[in-house]
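Just below is one structure, and these are the notes that go with it.
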Amino acid sequence: MEDKITFLGTGGGRVVVANQIRATGGFIINLKGRQIHVDPGPGALVRARQYGVKAYQTDIIFASHSHLDHCNDLNAIIYAMTLGGINKKGILISTGEVINGTQKERPWLSDYYRDKLKNLIVASEKDTIKIGNLTLHTTKTKHDINTNIGFRLESPDLTIGYTSDTTYFDDLPKEFKNTTVLIANILRPGNDKWKTHLCGDDIVKLATEVRPELMIIQHYGAKLIKSSPLYEAREIQRRSGIRTIAATDGLSIPISGFKKRIPTI
Ligand SMILES: [Zn+2]
Ligand SMILES: [Zn+2]
């Protein structure tokens, strides 16, 4: 299987998710023979089928936090991955809130599907998880929830970064040191700042500091969709000098041509 990233949705924010203005199935990383499903939000299984992803080939599920648009279809993907629970397999990496719930909330992961997983990893920020020749470092976020994690996923060839939902903070670029391909969740355009998410200006700062080979934006709110994610990506590229793509639903980006970066920060 070719190394690539496939977007099963690029929507974020209440209006977009509720009306499915953009799909919300998360994204798939195919890397070194492994299939990783990141943030299976509403419609993950349907969008997998729609965009030619075989959900039963999933090896790892990463759910960054317990907001519905990031983990709602977690059990459905475990169902597909284990063929209805018959083949016990796969690894789930997520937060304590998603896996075990809180005093107020039940876990998103059902007891039934918990048993069908081969491995379950409760992660918090700054953890290091080794899976074969891949190493996943969880990264810090600042979001309106107790626990939330992004990641830096290292393979022998390249490093993929994912911000998850976060506002900008001074140390955010350091979390993505030496990242080759950086996927950032944006909510609003330009300088339209919001206290829990990144806007266009924040991504310019992030791209300028991290200097990845490729920046990909996704998780668009309604205002950004109206003002054009494509225009936003062009502006980010123009101002930062970093190649930037605005992901679209179903877009698949080959990543085998990228090489590991020489340390920049
Ligand atoms: Zn979100
Ligand atoms: Zn969120």
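The values are calculated or read from the model by the stated rules, or taken from the named source; none is laboratory data. Owing to the predicted nature of the structure, the values given are computational and were not obtained by experimental measurement. When we count neighbours, we look across all protein chains shown, and the Cβ atoms used for this are built from the backbone with ideal geometry, even at glycine. Only protein heavy atoms, including side chains, enter the accessible area calculation; ligands, DNA and RNA are left aside. Shrake-Rupley method; radii C 1.70, N 1.55, O 1.52, S 1.80 Å.
The figures follow:
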read-out: Any hit, the range 86-104, residues being away from ligand 1 (no atom under 16 Å from the Cβ) and under 15 Å from the mean Cα position of the chain (by Cα); value: yes
read-out: Test for LEU83: is it aliphatic (A, V, I, L, M) and either within 16 Å of ligand 1 (Cβ to nearest atom) or touching a strand residue (DSSP E or B) at 6+ places or on another chain (Cβ under 7 Å) (or both); value: no
read-out: Restricting the range 204-221 to residues that are within 13 Å of ligand 1 (Cβ to nearest atom) and on the phi < 0 side of the Ramachandran plot, the residue that is surrounded by the most Cβ atoms within 10 Å (Cβ to Cβ); value: TYR220
read-out: In the range 176-203, the residues that are within 16 Å of ligand 2 (Cβ to nearest atom) and either without any contact (Cβ under 8 Å) to a residue 40 or more places away in the chain or not charged (D, E, K, R) (or both); value: ILE183, ALA184, ASN185, ILE186, LEU187, ARG188, TRP194, THR196, HIS197, LEU198, CYS199, ASP202
read-out: Test result for GLN57, more than 16 Å from ligand 1 (Cβ to nearest atom) and open to solvent by 30 Å² or more (accessible area, probe 1.4 Å); value: yes
read-out: Test: THR163 is within 16 Å of ligand 1 (Cβ to nearest atom) and over 26 Å from ASP3 (Cα atoms); value: no
read-out: Filter result (within 16 Å of ligand 1 (Cβ to nearest atom), modelled with pLDDT of 95 or more and among the hydrophobic types (A, V, I, L, M, F, W, C)) within the range 145-160; value: ILE149, PHE151
read-out: Considering residues of the range 125-154 that are within 16 Å of ligand 2 (Cβ to nearest atom) and among the hydroxyl-bearing types (Ser, Thr, Tyr) only, the residue surrounded by the fewest Cβ atoms within 10 Å (Cβ to Cβ); value: THR147
read-out: Residues satisfying the stated conditions in the range 1-58, i.e. assigned to a strand (DSSP E or B), within 14 Å of ligand 2 (Cβ to nearest atom) and within 16 Å of ILE78 (Cβ to Cβ); value: GLY26, VAL38
read-out: Within the range 177-203, considering residues that are over 24 Å from GLY41 (Cα atoms) and of a type outside the set (Lys, Arg), the one most open to solvent (accessible area, probe 1.4 Å); value: ASN191
read-out: Qualifying positions in the range 1-43 - open to solvent by less than 10 Å² (accessible area, probe 1.4 Å), among the β-branched types (Val, Ile, Thr) and more than 21 Å from LEU136 (Cβ to Cβ); value: THR10, VAL16, THR24
read-out: Strands (runs of 3 or more DSSP E) contained in the range 204-264 and holding at least 1 residues within 16 Å of ligand 2 (Cβ to nearest atom); value: 214-218
